[in-house]
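First the structure, in the form of structure tokens, and then the observations on it.
The values are calculated or read from the model by the stated rules, or taken from the named source; none is laboratory data. Keep in mind that this is a model prediction, so the values were computed, not measured. Cβ coordinates were reconstructed from backbone atoms using ideal geometry, including for glycine residues, and neighbour counts include every protein chain displayed. The area values use the complete protein model at the heavy-atom level, side chains included, leaving out ligands, DNA and RNA. Shrake-Rupley method; radii C 1.70, N 1.55, O 1.52, S 1.80 Å.
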Amino acid sequence: MSLPQGLLYSKEHEWIKKEDGKVRIGITDFAQDELGDIVFVELPEVGDELTADEPFGSVESVKTVSELYAPVSGKVVEVNEELEDSPEFVNESPYEKAWMLVIETTNESELEELLSPDQYKELIEG
């Protein structure tokens, strides 16, 4: 299982990459593996406001539908449109091709509540 360093992780299995006052968000390799083959991804619109720990979309696999939870609060500034036609990217490339959205954070301190790669590894192996 892939667990890149330099990213932050949420207890709901999203990864977060800091980028100049913004954060890029996707789901982890562990999450996509647990879900199985992803067949549909529902994401918010550019301009939508997200609240930390609140649902912002969902992923549908052949096994189940799972809600996605915002790891931090902020405004959606970019959405990965490719996932609409190619939801399989979530399985094939969860950290590169399958980023889901970019948000401008409204509360940087929320990033401090996220997990380091080592903490996330403990969570999923525990």
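Between the alpha-carbon centres of the stretch 1-71 and the stretch 86-120 there is a gap of 6 Å. When +1 charges are put on Lys and Arg Cβ atoms and -1 charges on Asp and Glu Cβ atoms, the dipole computed for the stretch 1-90 relative to its Cα centre reaches about 460 debye.
Three principal axis extents of the chain based on alpha-carbon atoms, in descending order, are 36, 35, 22 Å. Close lysine pairs were tallied over the chain: pairs 8 or more places apart or on different chains with Cα atoms under 25 Å apart number 18.
Taking amide hydrogens as placed 1.01 Å from N in the peptide plane, the amide H of Tyr69 sits under 5 Å from those of Phe56, each at least 5 positions away in sequence or on another chain. Normalised per residue, the accessible area of the stretch 1-97 is 53 Å², obtained with a 1.4 Å probe and no contribution from ligands, DNA or RNA.
Express the carbon and sulfur contribution to the solvent-accessible surface of the stretch 29-90 as a percent, rounded to the nearest whole number, probe 1.4 angstrom. After summing per-atom areas, the C and S share lands at 40 percent. Within the shell of other residues whose beta carbon sits under 11 angstrom from the beta carbon of Tyr69, the net charge comes to -4, with Lys and Arg scored +1 and Asp and Glu -1. When the chain is treated as a Gaussian network with alpha carbon springs shorter than 10 Å, the biggest mean-square fluctuation among Val79, Val39, Val62 belongs to Val62.
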